[in-house]
Amino acid sequence: MPKLESLQLEPAVLRWARERAELELGELATRLKVPTRDIEEWEGSGRIAFKKAEALAKKTHTPVGYLYLSEPPRERLPIADFRTRSGSTPPRPSPDLLETVYQMQLRQAWMREEMISLGIPPLPFIGAFPVDSSPAEVAAAMGDALQMEEGWAAADGTWTDALRTLRDHIAEAGILVFFNGVVGNNVHRKLQAEEFQGFAMVDDYAPLIFVNNADFKTAQIFTLAHELAHVFVGESGISKFEALSPADHAIEQACNRIAAEFLVPSDQLRNAWGKARQSHDPHQHLARHFKVSTVVAARRALDAGLVTREAFFRYYEENKAKHWGGAKSADGSSGGDFWNTQRWRLGTRFAAAVSRAVVEGRLSYTEGYTLTGLRGDTFSNIPEKMGILL
């Protein structure tokens, strides 16, 4: 059989692959180590060497089969996209975002079947509240389901401590929680907080929350609470915030109000305001008390009528260079320790379920590798390194 040397592909598909990866001609040429004119010729004629087509697919994170299509595919997120505003066209999801959502779908589907096969009943609070419910009512139900005591955040010393506390209580309530700032474990493919901050995938047996760990720590607390609200109103979707003003969707607006009430309850806010207003920066004082960002604190003060809209937006404009404030992970991880990072990326509950299923023979090692992104001895070391009893 003659060796395949070159291909005749659709120029529009080759151009789509590059643009999908948000690469300029010169950037792709550098990655492929070819002259820019080669890229221009491919996108003009569709004629490309077989090996170069494979390299193009790899460098643009495009499934190689897509390059053989007669026209560019229309890739859509499999969950609702709540990032749009004023009827605008939803932004094209990046390959990194799409792969992350697909990976979470795989994990959720497996966990759902695992829970059903083990006879675990569905969770009672999934979609338990209509979207137009009182934010205070839903926030209270969230606190009850998570067994969170009043003033829990103030009892934690740092934002990271508060984030860990909230994450652990959500996981213990039966919700899968994943934090990651990269695609899988690939530190060269960092997720962008400017594209999305989190998403929720609702399911009666295995509801799932994903938080973009590339975002500021103080922002992640609000994102986690916001996605938790999605679970309680029974609406899946992907989120992105600006000045705590979500896109023009009733669901997002409701989840924002619920999350804000959950993190900064109105009655506690008013009690804390007297002391806060005497400080140099009242919003920073509230942020430290409730372990939220200064923007969340300022917005809550606005919602409670403690500051004017003009004062809030002036404060926001003056502080948006710092975005939400606090520390942002430089590499998208949760710290330098590999296994500490995996506790955030996998969660001990999910890691334990997969490890247990492999040990008991209900799941192959290959399937376990796919679900966790860890292989060989690293996968086998999950129980010991993550403190899991099987």
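The values are calculated or read from the model by the stated rules, or taken from the named source; none is laboratory data. In this text, all values refer to a predicted model and were calculated from it rather than measured experimentally. For neighbour counting, all protein chains shown are included, and Cβ atoms are generated from backbone atoms with ideal geometry for every residue, glycine included. Side chains are part of the model used for accessible areas, which takes the heavy atoms of the whole protein and leaves out ligands, DNA and RNA. Shrake-Rupley method; radii C 1.70, N 1.55, O 1.52, S 1.80 Å.
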**Message:** Place a point 7 Å from the Cα of Ala136 along the Cα-to-Cβ direction; which residues of the range 255-285 have their backbone N under 14 Å from it?
**Reply:** 258, 261-262, 264-271
**Request:** Treat every Asp and Glu Cβ in the chain as -1 and every Lys and Arg Cβ as +1, leave all other atoms uncharged, and give the resulting dipole magnitude about the Cα centre to the nearest 20 debye.
**Result:** 860 debye
**Request:** Count the DSSP beta bridges whose two residues both fall in the range 167-220, then state the antiparallel fraction as a percent rounded to the nearest 5.
**Result:** 55 percent
**Asked** Tell me, in nm to one decimal, what length is gained between Glu318 and Glu19 on full extension, where the rule is 0.36 nm per residue of separation less the Cα-Cα distance?
**Response** 104.2 nm
**Prompt:** When the helices in the chain are scored as -39500 (n - 2.57) per DSSP H run of 4 or longer and the sum is shared across all residues, what 222 nm value do you end up with, to the nearest 500 deg cm²/dmol?
**Reply:** -15500 deg cm²/dmol
**Prompt:** Rounded if a/c is under 1.5, else prolate if a/b beats b/c, else oblate: with a ≥ b ≥ c from the C-alpha gyration tensor eigenvalues square-rooted, which is the range 153-231?
**Reply:** oblate
**Prompt:** Residues of the chain: accessible area per residue at 1.4 Å, in Å²?
**Reply:** 47 Å²
**Message:** For mean projected area of the Cα convex hull in nm², one of [x] 25.2; [y] 18.0; [z] 23.0 was computed from the structure I shared and the rest are decoys. Which label?
**Reply:** [z]
**Asked** Considering only Val138, Gly119, Gly347, whose Cα is most displaced toward the positive end of the charge dipole of the chain, charges sitting on Cβ of Lys, Arg (+1) and Asp, Glu (-1)?
**Response** Gly347
**Asked** Rounded if a/c is under 1.5, else prolate if a/b beats b/c, else oblate: with a ≥ b ≥ c from the C-alpha gyration tensor eigenvalues square-rooted, which is the range 89-136?
**Response** oblate
**Request:** Give Lys33/Lys58; Lys33/Lys59; Lys58/Lys190; Lys190/Lys217; Lys190/Lys240; Lys58/Lys217 a once-over and call out the pairs whose C-alpha atoms are over 23 Å from each other.
**Result:** Lys58/Lys217
**Item:** Karplus-derived HN-Hα couplings along the range 172-189 (A = 6.51, B = -1.76, C = 1.60, θ = phi - 60°), whole Hz, x at Gly and Pro
**Value:** 5, 7, x, 9, 6, 10, 10, 10, 7, x, 9, 7, x, 10, 8, 5, 8, 10
**Prompt:** Out of residues 5 or more away from Leu9 or on other chains, whose amide H comes under 5 Å of its own, with H placed 1.01 Å from N in the peptide plane?
**Reply:** Arg47, Ile48
**Dipole-positive endmost among Leu9, Gly44, Thr30 within the range 1-132 (Cβ charges, Cα centre)** = Thr30
**Message:** Charges at C-beta only: +1 for Lys and Arg, -1 for Asp and Glu. How large is the resulting dipole of the range 56-155 about its Cα centre, in Debye rounded to 20?
**Reply:** 700 debye
**Prompt:** Carbon-plus-sulfur fraction of the accessible area of the chain, 1.4 Å probe, in percent?
**Reply:** 50 percent
**Request:** Pull out a ≥ b ≥ c, the square roots of the eigenvalues of the alpha-carbon gyration tensor of the range 93-186, then state rounded if a/c is under 1.5, prolate if not and a/b is larger than b/c, and oblate in the remaining case.
**Result:** oblate
